[in-house]
Amino acid sequence: MANGALTPTELSLRGRLAVETSWANTSDRSARTKPGRDKFDERFLNEVDPERRLPEDERERRAAHARRAYFARLSLAAHKARRRKRNARSGGPTDKSAAVNNDPEGAKYDVERA
C-alpha cells in the first residue's frame with residue numbers, strides 16, 4: 001500500500017487486537033454490555049406499546065412475546081438459508097421463492113423483514 005497505509009487484512013488484525021485487549025481489561029463483562037442489552041429490550045417495549053398506554057406488567061409480557069417472535073423469525077431465516085445452501089450442493093431449488101413455495105407458512109411469516 002502506498003504511503004505506509006495498512007492493508008485491509010492488517011486493519012482487521014489491528015482491530016481484533018484492540019478488541020481482545022479491551023475485553024482482557026474488562027473486569028465486569030455484564031456491566032459493560034448492560035447498556036446494549038437495555039437498548040435491545042427497549043426495542044420490543046416500543047414495538048408493543050409505543051405510546052406507553054399499557055400497564056407495565058402487560059407491556060413486559062407482550063415485549064417478551066415480541067422478543068421470542070424476533071428470535072423465532074431469525075431461526076426460521078437461518079433454517080431456510082441452510083436449506084438453500086444444502087439444495088445448492090445437491091442440485092435442488094436454490095432461489096428464495098422456491099424455499100418459500102416449499103413452505104406453506106413462508107408467505108405468512110415473511111422473514112425478509114427480520
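Figures for the structure shown
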item	result
Odd one out for Asn46 among (1) of a type outside the set (A, V, I, L, M); (2) closer than 29 Å to His65 by Cα; (3) not in a helix (DSSP H, G or I)	(3)
Region 1-43: number of residues that are part of a helix (DSSP H, G or I), under 30 Å from Ala64 (Cα atoms) and free of Cβ contacts under 8 Å to residues at least 12 places away in the same chain	15
Failed item in (1) exposed (fewer than 10 other Cβ atoms within 10 Å of the Cβ); (2) of a type in the set (A, V, I, L, M, F, W, C); (3) part of a helix (DSSP H, G or I); (4) modelled with pLDDT under 95, with Ala98 passing the rest	(1)
In region 60-86, the residues that are of a type in the set (A, V, I, L, M, F, W, C), surrounded by 13 or more Cβ atoms within 10 Å (Cβ to Cβ) and under 26 Å from Pro50 (Cα atoms)	Ala63, Ala64, Ala66, Ala69, Ala72
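The values are calculated or read from the model by the stated rules, or taken from the named source; none is laboratory data. Source: prediction; values computed, not measured. Because the Cβ atoms are built from the backbone with ideal geometry, glycine has one as well, and the counts that use them run over all protein chains shown.
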